[in-house]
Amino acid sequence: MKITSIDVRNIRIPLNDPKKFSTKYVTHRDYTLVNIKTDDGVEGWSYVWGIPIVKNFLDMVKDMIIGEPAYGTIRIWNKIFSSIDRWDRSGIAMRGLSAIDIALWDIIGKYANLPIYQMLGGFREECPSYYSGGYYPDSCSSNADLFRFIEKEMGSAYDKGFRAFKMKIGAASTDIDVERIGAARKAIGPDCRLMLDANCGYDPETIIAMARKFEKYDITWLEEPVPLDDLPNCAHVAERISMPVAIGENHFTRWAFREIMEHKAARIIQADPTVMGGFTEYLNVVGMAATYGLKLAPHCFHDVNIQVALARPEIMILEYMDIESDVINVQRIIENPVPAVNGMIRAPEGPGHGLILDEKAVKKYLYQG
Ligand SMILES: [Mg+2]
């Protein structure tokens, strides 16, 4: 079970209809793919979303794991982390480490002939998800278009069986956003969950004033209200608005999450195993959240993150991004993308994470930049 090779590739997949949200304009998505082979022919793979430089990081550290046992997830995590922690403990390094860790768990599952969730606790067989969308697409050229778009998008997700929904705020004026939220609430009715994502776009006083205008729509959480590292002000917001705050999709390692919890900056922890350090590190955060009585709602990449969501009851819900919403598009390189059925998600068939890479599609989107 010794690791003999690690192969790293970048791909870039364009969006069909580029989109805005409060702090960004998105025209394409970049992913880094990792394939790890062992001396007895078992191979695991993973992908992480990010920027192409993640490949440079992986090319730099990959020799460190050649010859290591593939079951040594903690040993390998510690070895790489202790070699790079003076330079990077966040976005690039942790995406790289996440990719290695998830590919290793894929190998371990294939050896054991078990899905990963059954090895991590096997708490349940399906997990609720929420439909995540509500962007500001280029194809909407007026406010009326935006209202029609969100009502139609959320209404059609409701018809597919979703009962929880999330939308962006912040790429239009607050008054327009209030109307967009109203249109979404009208489309899904009074009994469904509705969440708002601010993508770190605000200072505390502005978002507090905005949240007061949104609260009549019964909001389940407000996500990333203020800049990422400003945890004291995130706690300040959380104390002053009626809806819970959710953060964590852009935080990395157990130590960053300890800071969030000690500051009381959020009630809902959105740690994403595919970016924050892999399944191995995510389990440390789940244990911590459990002791603080907090819930977890992993950021998207439900097709991988379903493995921890089925293993641990502390995960309240998974983010689901449908290929049709044209926001996250990694499904284009996966032969068996994982659907939500009536809003519920199950693990794909098969050992490991169960996902099958579509090599023909990978060739189409290979990116050398
Ligand atoms: Mg978000």
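The values are calculated or read from the model by the stated rules, or taken from the named source; none is laboratory data. None of these values were measured; they are calculated from a predicted model. Cβ atoms come from the backbone with ideal geometry, glycine included; neighbour counts cover every protein chain shown. Protein only, heavy atoms only, side chains kept; ligands, DNA and RNA dropped before computing areas. Shrake-Rupley method; radii C 1.70, N 1.55, O 1.52, S 1.80 Å.
Give me a comma-separated list of calculated 3J(HN,Hα) values for the stretch 338-355, in order, Karplus coefficients 6.51, -1.76, 1.60 applied at θ = phi - 60°, integers in Hz, x for any Gly or Pro.
Values per residue, Gly and Pro as x: 8, x, 9, 10, 6, x, 9, 10, 10, 6, x, 4, x, x, x, 7, x, 7 Hz.
Using Cα-Cα distances under 8 Å and only pairs 6 or more residues apart, what relative contact order does the chain have, in percent?
Values: 788 pairs, mean separation 76.9, N = 369.
Once normalised by length, the contact order is 21 percent.
Where Lys and Arg each count +1 and Asp and Glu each count -1, what net charge lies around Leu357 among other residues with Cβ under 14 Å from its Cβ?
0
Relative to the first principal axis of the alpha-carbon coordinates of the chain, what is the inclination of helix 174-188, with its axis defined by its Cα atoms, in degrees from 0 to 90 and to the nearest 10?
Roughly 80 degrees, rounded to the nearest 10.
If a/c stays under 1.5 just call it rounded; otherwise compare a/b with b/c (prolate if a/b is bigger, oblate if not). Do that for the stretch 84-223, with a ≥ b ≥ c from the square roots of the Cα gyration tensor eigenvalues.
prolate
Once neighbouring chains are kept in place and the probe is 1.4 Å, which whole percent of the accessible area of the chain is contributed by carbon and sulfur?
The computed percentage sits at 51.
Solvent-accessible area per residue for the chain at a 1.4 Å probe radius, Å²?
On the way: 14670 Å² over 369 residues.
Here the per-residue accessible area is 40 Å².
Going by alpha carbons, how many degrees (0 to 90, nearest 10) lie between the helix axis of 73-84 and the longest principal axis of the chain?
Tilt relative to the chain: about 80 degrees.
Any idea of Glu43's accessible area? Nearest 10 Å², probe 1.4 Å.
70
How do Asp218, Asp177 stack up against each other in accessible area, from largest to smallest, with a 1.4 angstrom probe?
Putting Asp218, Asp177 in descending order of accessible area: Asp218, Asp177.
When only DSSP loop residues count, what trypsin sites (Lys or Arg not before Pro) in the stretch 1-108 have their Cβ near at most 14 other Cβ atoms within 10 Å?
Sparse-neighbourhood loop trypsin sites (Lys or Arg not before Pro): Arg86.
Roughly speaking, what is the centre-to-centre gap between the stretch 291-369 and the stretch 62-135 when only Cα atoms are used, to the nearest Å?
14
Considering only DSSP beta bridges whose two residues both sit in the stretch 216-369, what percent are antiparallel, to the nearest 5? If you can, show how the numbers build up before the last one.
Working: 3 of 10 bridges.
Of the beta bridges lying entirely in the stretch 216-369, close to 30 percent run antiparallel.
From the residues Met154, Ser141, Ala172, which one has its Cα farthest along the dipole of the stretch 135-175 in the positive direction, the dipole being from +1 and -1 charges on Cβ of Lys/Arg and Asp/Glu about the Cα centre?
Met154
Per-residue ellipticity at 222 nm for the chain, helices alone: DSSP H runs ≥ 4 residues times -39500 (n - 2.57), over residue total, nearest 500 deg cm²/dmol? Please list the in-between numbers first.
Working: 13 runs with 147 residues, N = 369.
Calculated at 222 nm, the ellipticity per residue is -12000 deg cm²/dmol.
For the chain, what is the percent of antiparallel DSSP beta bridges, rounded to the nearest 5?
Of those bridges, close to 60 percent are antiparallel.
Which whole-number percent gives the relative contact order of the stretch 217-346, counting Cα pairs below 8 Å spaced six or more residues apart?
Contact order relative to length: 17 percent.
Which FRET efficiency, nearest 0.05, do Ala290 and Ile74 yield, Cβ-Cβ r, R0 22 Å?
Plugging the Cβ-Cβ distance into 1/(1 + (r/R0)^6) gives 0.70.
Given a 1.4 Å probe and the protein chains all in place, what does the accessible area of Trp77 round to, in Å² to the nearest 10?
10
Please say if the stretch 118-345 is rounded, prolate or oblate, where rounded means a/c under 1.5 for a ≥ b ≥ c the square roots of the C-alpha gyration tensor eigenvalues, and otherwise the choice is prolate for a/b larger than b/c and oblate otherwise?
oblate
Can you tell me which of Pro348, Pro137, Pro232 moves the most in a GNM of the chain? Springs connect C-alpha atoms under 10 Å apart.
Highest fluctuation of the listed residues: Pro232.
For Ser139 and Thr206 in the same chain, what is the full-extension length gain: residue separation times 0.36 nm, less their Cα-Cα distance, in nm?
Full-extension gain reported as 21.3 nm.
Nearest 0.05, what FRET efficiency do Ala112 and His263 give at R0 = 35 Å with Cβ-Cβ as r?
Working from the Cβ atoms, E equals 0.35.
Defining a contact as two alpha carbons under 8 Å apart and six or more residues distant in sequence, what relative contact order in percent does the stretch 96-173 show?
Relative contact order, the stretch 96-173: 34 percent.
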